[in-house]
Amino acid sequence: PNKRHNISTLYVMMVPPFPKAILAAIVISAVSSDAATIEAENAGAIQMVLGSTLVNPYTVSYMQDAAGLVMGESTTQEKDSLFGEGTSTEPTDPVTFKATHKYVKITPRTKADLVILQDLDATPGGDIVLHDHPLDVEVLQDGDYYVEPDVNAEADYSPVYVVLPINYNLPRSLQVEELDRLHEPDDDGSEDDIELTALESSGLDPDSAYPAYRTGFERVRGRRKLIFGRRYRPRGCIFVWDTSRNGWYPLRQAKISIGRLVWWRYTHTDDDGCWVSPKKYRGRVYIRAKWRSNIATIRKSWNELLGFFVSDPLFSMTRSSNPKNHNIPFSDDRLWMKGTVHNGLVLYNDYAASEGINRPIRNANVWVWANGQRTASAPMLKKFPALPAMAGLAGLTQLNFWSFMVGIFSFVINLVPSHLRPDLIFSGISGYKDTRRIHQVVFHEAGHWSHALQAGTWYWTNLFVAEVTNGFFYGGPYGDGTQPSQNVANQIALVEGWGSLTEGYIMHEHYGGMFTSAFSGNWRNNAKVYLDQFDMNQVPMTRATSTIDDWLLHGLFHDCVDENESGNGRFIDGITGAFINSIDDNVYVLDTRELYPIFRYLTSDVWDACDFGNTFVRGYAYDYQDINVLFQSYGFSCVNYQPPPPTRRPTPYPTRRSIPYPTRVPSPTIPIKPVKDDCIICE
């Protein structure tokens, strides 16, 4: 019935490398509004265009030939043409190169293959980087994604390309084609001359962001290092525009790839947004944002849903521009929205770590859309892949489940591999394109993530069923506080109350205030003072809700842990708004952490305010009277804990240990007579 974010709003993106049958189904089944949304979301996405195949100077055979030139195995004419006349020398002992890596093409055929490739791309160490395009081909137009032109019409998925260590063994289930065997020169410079010779004789352009054939190339003695330059270790910093600060803010803990031709590496930015390449390079290298870190995989456009090989180009650099910084401007929707959501997740994890919330965002699938309805959700579909099936056990058919959650036919989303379905969704961001607003929404949904992991799949399934049912029959996921039944409405109040509390407290921590609504509300300085004004509504609530006029439990949670005992909150009628009683808050929890006293009790057996209150009061029984009064003033008379009376310890029966031992009397000394040698029986 209102604008609030919820758990169950979901749309679907379908893109290469997606099964062709599903793509056809989308074209047939998508209604006009869906097609318009798809087209709008794809706006700005650029397809990569490739040209002819390049000479790869790092193949074993090419490096061997270059070594022959350097070591004198070639003819005088060959050496003179390379190094200049008069530079030929006598042949020396040949150098034999061994392959250090293999360049392969992998064609996934099943969803299980996609899972393997996703894990491969996340291999620790950062030296395995998957690409959706061939690496030894000239790039005519750089872009965000690539569509393989020669894929078999019967194939379900497009191939990926990757360079692997020579002894790396891939699962036998994968269809793998070895394209080349490569030799990677050592970073210590011991193979510089050979590498430079191979690069020069290949005709590649060292100044191109992607290598291309050079025309009119003249091999002049002494120019090899001048042309390709000395090795250098690329480094720099990346910043994203922050509207709240009206300045640049570091892109923190973000995964990026650095590379040239076949050699690519992963690294991460630090908390200052700065990064250092784990490998040295020559010539121009390219830096791309992967948006797939140990925190989250973030996908924005429709052609990124399954494209976990896809990355966004950021900038290129040479040795002369090293180190180089890069700014992501507010005008670049594609990168700015991803970067802003990513930083919001990092800020949440910072706060969670300081609060003892041991369920931070880790390996989440996050969808970020500029278009669509302004909403957000935490469906947890990757983390809880069995959730749709379990919804049937809870009384909801999968058909109804999916048809409510998506804007196209239900069977389409059901075919999306479970490991690529979203855990968190943020849509319609173009309607609230502001750093603080986006972060407030992120903090809310991230709070749901932590709660869901702690409470478990069945708990979250029941919540989902409740909100989907409300959406079907009552026009919105929350209902009026009694729908679809009082029991499940009480669970909604608990879950959404926790989400609202996290957004308010973390906004206060980072920004000193919060919006009355993240999507469209006004700014309020000091979020905690704002929450002190919370009015709890007796359900059913048919009036319009707001952050401080609601039936959810964030006001109650706030009063459990705040330090202010002079709030002016009220308990009022949810239909008329009539006053019932004042909120009586004298609770003070002795804990330096703000949210931990709440989060610790949001477990799988805590379904409503009564469960929470009766657990909370026992955990902080030293203040049980004030806690009882607080919950009862919120309308929850079910919380009335009385500690058991102290029991008088009975007088113990005498025990052996309670009876003192008698004083021991030493035994008399008995003299011993000496024994004679010839005595048989001595007296």
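On the basis of being among the aromatic types (Phe, Trp, Tyr) and either over 19 Å from Val346 (Cα atoms) or not in a helix (DSSP H, G or I) (or both), does Trp449 make the cut? No, not satisfied.
Could you go through the range 551-569 and let me know if any residue there is assigned to a strand (DSSP E or B) and either open to solvent by 20 Å² or more (accessible area, probe 1.4 Å) or among the aromatic types (Phe, Trp, Tyr) (or both).
Checked the range 551-569: no residue is assigned to a strand (DSSP E or B) and either open to solvent by 20 Å² or more (accessible area, probe 1.4 Å) or among the aromatic types (Phe, Trp, Tyr) (or both).
For the range 245-261, the candidate set comprises residues that are at pLDDT below 95 and part of a loop (DSSP other than H, G, I, E, B); within that set, the residue that is nearest to the chain's Cα centre (by Cα) is Arg245.
Restricted to the range 422-446, and to residues there that are open to solvent by less than 10 Å² (accessible area, probe 1.4 Å) and part of a loop (DSSP other than H, G, I, E, B), the residue that is farthest from Ala364 (Cα to Cα) is Gly428. Restricting the range 591-623 to residues that are among the acidic types (Asp, Glu) and over 31 Å from the mean Cα position of the chain (by Cα), the residue that is modelled with the highest pLDDT is Asp611. Listed by first and then second residue, the pairs linking a residue in the range 441-457 that is within 10 Å of Ala518 (Cβ to Cβ) to a residue that is open to solvent by less than 10 Å² (accessible area, probe 1.4 Å) and of a type in the set (Val, Ile, Thr), with Cβ atoms under 7 Å apart and 6 or more places separating them unless they lie on different chains, are Val442/Val341; Phe443/Thr502; Phe443/Ile506; His444/Thr502. Do we have any residue at all in the range 488-508 that's crowded, with 22+ Cβ neighbours inside 10 Å and not in a helix (DSSP H, G or I)? The answer is no; no qualifying residue exists. Inside the range 264-280, can you point out the residues that are of a type outside the set (A, V, I, L, M), open to solvent by 10 Å² or more (accessible area, probe 1.4 Å) and part of a strand (DSSP E or B)? Hits for the range 264-280 are Trp264, Arg265, Tyr266, Thr267, His268, Cys274. When every residue of the range 273-290 is checked against the conditions, at least one turns out to be modelled with pLDDT under 95 and within 17 Å of the chain's Cα centre (by Cα).
The values are calculated or read from the model by the stated rules, or taken from the named source; none is laboratory data. Note that the structure is a prediction, hence the values are computed from the model and not measured. For neighbour counting, all protein chains shown are included, and Cβ atoms are generated from backbone atoms with ideal geometry for every residue, glycine included. Ligands, DNA and RNA are stripped out before the accessible areas are found, and what is left, the full protein with its side chains, is counted by its heavy atoms. Shrake-Rupley method; radii C 1.70, N 1.55, O 1.52, S 1.80 Å.
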